[in-house]
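I have placed the structure first, in the form of structure tokens, so that the comments after it can refer back to it.
Derivation of every value follows stated rules applied to the coordinates shown; laboratory data play no part. On a predicted model such as this, the values are computed, not experimentally measured, just so you know. Positions of Cβ are backbone-derived with ideal geometry, glycine not excepted, and every protein chain shown enters the neighbour counts.
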Amino acid sequence: MHIATKGSKLDISAESDTAKLAKEFSKFLKKGDVVYFYGEIGVGKTTFIRYLINNFQKSNNLKLTEVPSPTFSLVNEYELKNFTIQHYDLFRLKHKDEIKNIGLLEDSREFLTLIEWPDIIDDKPQNRIDLYFNYNENLNKRFLSIIFEH
């Protein structure tokens, strides 16, 4: 399955399409990668992340776990055999200073880091992947655009 070309929008309106794309996307990710997830509430960011993490668990012969949004805890960690996935949700943070207290992007080369609501971050790593989740005008379809930043 072809993931994306620069500027392409992938239709993820059906949850099965979200699951397939997350599975394909997981094949490109490794320890040290940082992925930012942009989009409105309910557009599919956490669903995509759940399929992504569960695919890593499957490929590492680990038990599948629930992957809730860490809206209140700010971060959930998932141990794999060779590295840890850190899943952040920064929705509740209102001030940039709050980022300093949660260890965000410290030792990021040691983790696969997934960050929902990254807009509050000023110092964005240069080597990251930005995922933009959007609705169409009628809110009946969802799309994903992937941009590799270097």
For the chain, fraction of C-alpha pairs farther apart than 25 Å, in %: 25
Extension gain (nm, one decimal) between residue 134 and residue 91, 0.36 nm per residue minus Cα-Cα: 13.8 nm
For the chain, what does the helix formula give at 222 nm: sum of -39500 (n - 2.57) over DSSP H segments with n ≥ 4, over the residue count, nearest 500 deg cm²/dmol? -6000 deg cm²/dmol
Can you tell me the mean projection area, over all orientations, of the convex hull of region 72-120's alpha carbons? Units nm², please. 3.3
Within region 33-67, backbone nitrogen closer than 17 Å to the virtual label 7 Å beyond the Cα of residue 15 toward Cβ: 42-55, 65-67
Between their Cα atoms, which of 9/81; 30/94; 9/124; 27/94; 20/81 are more than 27 Å away from each other? 9/81; 30/94; 27/94
Please work out the ratio of the alpha-carbon Rg of region 44-132 to 2.2 N^0.38 Å and round it to two decimals. 1.08
